[in-house]
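Asker: Dropping a structure here in structure tokens format, bear with me for questions.
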Amino acid sequence: MNDKGQDHPEKEPLSREEEARLWILCGEGDEEARERLILSYRPLVFWIARKYRVAPQRYQDLIQEGMLALIKAVDRFEPDRNIRFVTYGFYRIKGQMTNFLQRVEAKAPSPVDDAEVQVPDPFDADSLDWKICLADGIEALTGREGDIVRALVLEGLKARDYAESAGMDVSNVYRIQRRALAKLKAWLELGDATDRP
């Protein structure tokens, strides 16, 4: 993961005049000008990548995503819009890196250390009180609402499975669940038990 050479290229940074000239040539299809622009802004990719906390094995993939974003940014940049490329490139590179990490983490969630997992005490007074209030709240719902909340929330059944077993449309299950959960939320947030519906 050593990228020190990437942060300090041998050549001096481009002057504003030289960069402006390269953008004109790049706009005319000059591949050499395009390559010089990409190489001159390559350190930006490494600088942005270091802002993310990623596992060492993901770092190179993150750099690759950043380089692809840099190339796309150079190809799509319009110098006549009067913004600096570093600003435009920064947001394009950062956005693609963020999207990449979200895609990767959605496929493989990060593991949780056993020390971080807290097992709730089943005899905790607050927990027991909450369960009693929840049970009372479910009893106050209509029969169908109570059945759906028990099945989806307490038992962890999927809405599609419940809908099939009950002969209902999935959208109706979700609609009833939303309405029932709103009622339960109102029930549980009330401070005085005598005011409950």
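All of the numbers you see were taken from the coordinates with simple rules; none came from a lab. Predicted model only: the values in this text are computed from it and were never measured. No Cβ is skipped: glycine too gets one built from the backbone with ideal geometry, and neighbour counts run over all protein chains shown.
Asker: Please compute, over every Cα-Cα pair in segment 4-107, the percentage with a separation greater than 17 angstrom.
Answerer: On the way: 2819 of 5356 pairs.
Counting every Cα pair in segment 4-107, those more than 17 Å apart make up 53 percent.
Asker: Roughly speaking, what is the stretch gain from D136 to K51, that is 0.36 nm per residue apart minus the C-alpha to C-alpha distance, in nm to one decimal? Kindly include the intermediate steps, with their values, before the conclusion.
Answerer: Details: separation 85, 0.36 × 85 = 30.60 nm, distance 4.88 nm.
Full extension of this stretch gives 25.7 nm more.
Asker: So if R0 is 25 Å, what FRET efficiency would E28 and T87 give, r being the distance between their Cβ atoms, rounded to the nearest 0.05? If you can, show how the numbers build up before the last one.
Answerer: Numbers: r = 23 Å, r/R0 = 0.93.
That gives a FRET efficiency of 0.60.
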